[in-house]
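Submitted below is the structure of interest, expressed as structure tokens.
The values are calculated or read from the model by the stated rules, or taken from the named source; none is laboratory data. Keep in mind the model is a prediction, meaning the values are calculated, not measured. Every residue, glycine among them, receives a Cβ derived from its backbone with ideal geometry; neighbour counts consider all protein chains shown. All accessible areas refer to the heavy atoms of the entire protein, side chains included, with ligands and DNA or RNA removed. Shrake-Rupley method; radii C 1.70, N 1.55, O 1.52, S 1.80 Å.
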Amino acid sequence: VLQGYAAEMDNPLMAHLMSPELQNKKDILFGNMEEIYHFHNRIFLRELENYVEYPELVGRCFLDQMEDFQIYEKYCQNKPRSESLWRQFSDSVFFQECQRKLDHKLSLDSYLLKPVQRITKYQLLLKEMLKYSKNCEGAEDLQEALTSILGILKAVNDSMHQIAITGYDGNLNELGKLLMQGSFNVWTDHKKGHSKVKDLARFKPMQRHLFLHEKAVLFCKKREENGEGYEKAPSYSYKHSLNMAAVGITENVKGDAKKFEIWYNAREEVYIIQAPTPEVKATWVNEIRKVLT
């Protein structure tokens, strides 16, 4: 892909086949695929080869390189931009010619999906290895490697949702790390405001997608898009946010094991939040508690 497509975009002999809008768009289309390639070619593959005789110790290899695996997060974040560019130019003569020369049965987009598939495959391979490595040396490292890879997958998934937020004025990066995101039923109860608003709010929940950052929690409304691939991915229109410095939490709400409360400015605003399951609630309550303490 890097030689037969990416390098060809800079090849003057191929320039006449490429529409002007496509020129200089190499970075959008391929993201940091080259970085991923070099990481595997120069570093990770060589490391793995050291464990050919000791497969049960391969967890160590993952742990040593875990920081480098974050290059996948960058790749996945760029993927929606890459896909939308590909859809515009997928029938370009340039791509057809590259594919013909490479004698590939599949078109470029199938290969651009590979890194996304690769990072999701590692956890399956590690789970499988753990299954057969119960009490042997290295089992702990395998478990830790699996946990770390799952952490990277969660970060990739969370950031894919985060880049779909629209309408937020500030810079999301200033809110600190994104810790959790998910969909909830939310009821509001504001001390200020019309009593009528209060009565209405009590009965009908709003569907909200919450993003918990270290410094703020964002309430967004989810909009499902129609389309293929990442086009189908939802977008989230920003509604409001609460600064974590002024937030309090009530962990149990009478009569429902899935509900908790977030309140603001000494209960001036109260948000009753219903998670899909008690387990999801517990995870959120724990994360929020960590932030508050």
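Determine whether region 258-268 contains at least one residue that is open to solvent by less than 50 Å² (accessible area, probe 1.4 Å), modelled with pLDDT under 95 and in a loop (DSSP other than H, G, I, E, B).
For region 258-268, residues open to solvent by less than 50 Å² (accessible area, probe 1.4 Å), modelled with pLDDT under 95 and in a loop (DSSP other than H, G, I, E, B): absent.
What number goes with the only condition from (1) assigned to a loop (DSSP other than H, G, I, E, B); (2) of a type in the set (A, V, I, L, M); (3) at pLDDT 95 or above that Val52 does not pass?
Unmet condition: (3).
For (1) outside any helix (DSSP H, G or I); (2) over 25 Å from the mean Cα position of the chain (by Cα); (3) over 30 Å from Ser148 (Cα atoms), each residue gets a yes or a no:
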{"residue": "Ile36", "(1), (2), (3)": "no, no, no"}
{"residue": "Leu57", "(1), (2), (3)": "no, yes, no"}
{"residue": "Lys79", "(1), (2), (3)": "no, no, no"}
{"residue": "Asp91", "(1), (2), (3)": "yes, yes, yes"}
{"residue": "Gln96", "(1), (2), (3)": "no, yes, yes"}
{"residue": "Tyr122", "(1), (2), (3)": "no, no, no"}
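If you don't mind, there's one more thing I want to ask. Quick one: count up the residues across region 228-255 that are at pLDDT below 90 and assigned to a helix (DSSP H, G or I).
4
Which count do you get for residues in region 94-109 that are open to solvent by 80 Å² or more (accessible area, probe 1.4 Å) and either among the hydroxyl-bearing types (Ser, Thr, Tyr) or at positive phi (or both)?
Adding up the residues that qualify gives 1.
Taking region 137-153 on its own, how many of its residues are in contact (Cβ under 8 Å) with a residue 12 or more places away in the chain, part of a helix (DSSP H, G or I) and not hydrophobic (A, V, I, L, M, F, W, C)?
Residues meeting the conditions: 5.
Residue pairs, Cβ under 8 Å, 6 or more apart or interchain, first in region 230-241 and surrounded by fewer than 16 Cβ atoms within 10 Å (Cβ to Cβ), second at pLDDT below 65. List them.
Qualifying pairs under 8 Å: Lys232/Asn226.
Could you check, for region 110-120, whether at least one of its residues is assigned to a loop (DSSP other than H, G, I, E, B), modelled with pLDDT of 95 or more and open to solvent by 20 Å² or more (accessible area, probe 1.4 Å)?
So far as region 110-120 goes, no, none of its residues is assigned to a loop (DSSP other than H, G, I, E, B), modelled with pLDDT of 95 or more and open to solvent by 20 Å² or more (accessible area, probe 1.4 Å).
Which pairs do you get when a residue that is over 24 Å from Asn157 (Cα atoms), found in region 52-75, comes within reach of a residue that is surrounded by 14 or more Cβ atoms within 10 Å (Cβ to Cβ) and polar (S, T, N, Q), reach meaning Cβ atoms under 8 angstrom, with the pair 6+ apart or on two chains?
Glu56/Ser133
Which pairs have Cβ atoms under 9 Å, sit 6 or more apart or on different chains, and link a residue in region 276-289 that is open to solvent by 20 Å² or more (accessible area, probe 1.4 Å) to one that is basic (Lys, Arg)?
Pro276/Lys258; Thr277/Lys258; Pro278/Lys258; Val280/Lys258
Sticking with this one: Within region 132-147, is even one residue of a type in the set (Phe, Trp, Tyr) and either loosely packed, with under 15 Cβ neighbours inside 10 Å or in contact with a Gly (Cβ under 8 Å, 6 or more places away or on another chain) (or both)?
Yes, region 132-147 contains a residue that is of a type in the set (Phe, Trp, Tyr) and either loosely packed, with under 15 Cβ neighbours inside 10 Å or in contact with a Gly (Cβ under 8 Å, 6 or more places away or on another chain) (or both).
Cβ-Cβ under 9 Å, sequence separation 6+ or interchain: first residue in region 1-20 and part of a helix (DSSP H, G or I), partner among the β-branched types (Val, Ile, Thr). Which pairs?
Correct list of pairs: Leu17/Val93.
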